[in-house]
1. Right, V102: in contact (Cβ under 8 Å) with a residue 24 or more places away in the chain, crowded, with 18+ Cβ neighbours inside 10 Å and either among the aliphatic types (A, V, I, L, M) or within 24 Å of A41 (Cα to Cα) (or both) or not?
2. Please verify whether I85 is within 30 Å of F18 (Cα to Cα), over 12 Å from the mean Cα position of the chain (by Cα) and of a type in the set (V, I, T), treating the condition exactly as stated.
3. In segment 112-155, which residue that is out of contact with any helix residue (DSSP H, G or I) (no Cβ under 8 Å at 6 or more places or on another chain) and of a type in the set (G, A, S) is farthest from L26 (Cα to Cα)?
4. Quickly run through segment 45-58 and pick out the residues that are within 15 Å of Y72 (Cα to Cα), exposed (fewer than 11 other Cβ atoms within 10 Å of the Cβ) and among the hydrophobic types (A, V, I, L, M, F, W, C).
5. Mind checking which residues of segment 111-158 are more than 17 Å from the chain's Cα centre (by Cα) and surrounded by 18 or more Cβ atoms within 10 Å (Cβ to Cβ)?
6. Identify, please: which residue in segment 18-45 is assigned to a helix (DSSP H, G or I) and of a type in the set (V, I, T) and is, among those, nearest to the chain's Cα centre (by Cα)?
Amino acid sequence: MTGSATGVPRRFGGIDAFRACVGEELGVGEWFEVDQDRIDAFAETTEDQQWIHVDPARAASGPYRAPIAHGYLTLSLIPFLGGRIFTVDGIRMSINYGLNKVRFPQAVTVGSRVRARATLAGVDDTATGTQAVIRYTIEIDGRDKPACVAETVRLMVP
């Protein structure tokens with residue numbers, strides 16, 4: 001059983017069932033449109049007002065022929081895009097522990113739809129809980145290359 005773009009997450013009965021799926025795709029999330037308002041809000045929040053993101057007229061004559069989302073905006077969407085792909089029962093809390101690797105192979109132009117594809121790359125027990133490494137590939141509708149590939153580390157505490 002895999003998670004799907006239906007909004008129904010793949011459910012694991014506990015950490016052992018989750019651990020048994022190392023190397024497997026966990027599922028694919030739903031499409032989400034990245035609009036100019038979101039890009040502008042991210043630019044405002046991060047103080048990154050570079051024209052390629054926030055000036056549609058100038059960006060139209062730039063290399064992408066449209067404004068593009070900040071790479072870190074795409075990365076920051078992982079909790080939302082991937083949050084409905086799977087759940088693990090018996091976990092009291094699950095927190096962001098960090099990232100192992102992040103790449104941005106393709107820019108996300110304004111108006112593009114993106115979604116997350118999750119693969120369980122590894123699971124290790126620690127003194128404070130279980131660390132799961134989940135590889136998220138952020139796909140762009142209609143594009144061959146992904147927008148982002150990131151290995152996230154999640155600390156799961158029973």
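1. So V102 does not fit the description; no.
2. no
3. For segment 112-155, the residue satisfying everything is A127.
4. Listed by number, the list is empty, since nothing qualifies.
5. V123, G129, T130, M156
6. Going through the qualifying residues, I end up with I39.
Residues checked against (1) of a type in the set (D, E, K, R); (2) surrounded by 14 or more Cβ atoms within 10 Å (Cβ to Cβ); (3) at negative phi:
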position: F18; (1), (2), (3): no, yes, yes
position: E33; (1), (2), (3): yes, no, yes
position: I39; (1), (2), (3): no, yes, yes
position: A43; (1), (2), (3): no, yes, yes
position: N96; (1), (2), (3): no, no, yes
position: Q106; (1), (2), (3): no, yes, yes
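Bear in mind these aren't lab numbers, they're just calculated from the coordinates by the rules spelled out. All figures in this text were calculated on a predicted structure; none of them were measured in a lab. Neighbour counts are summed over all protein chains in view; Cβ atoms, including those assigned to glycine, are modelled from backbone coordinates with ideal geometry.
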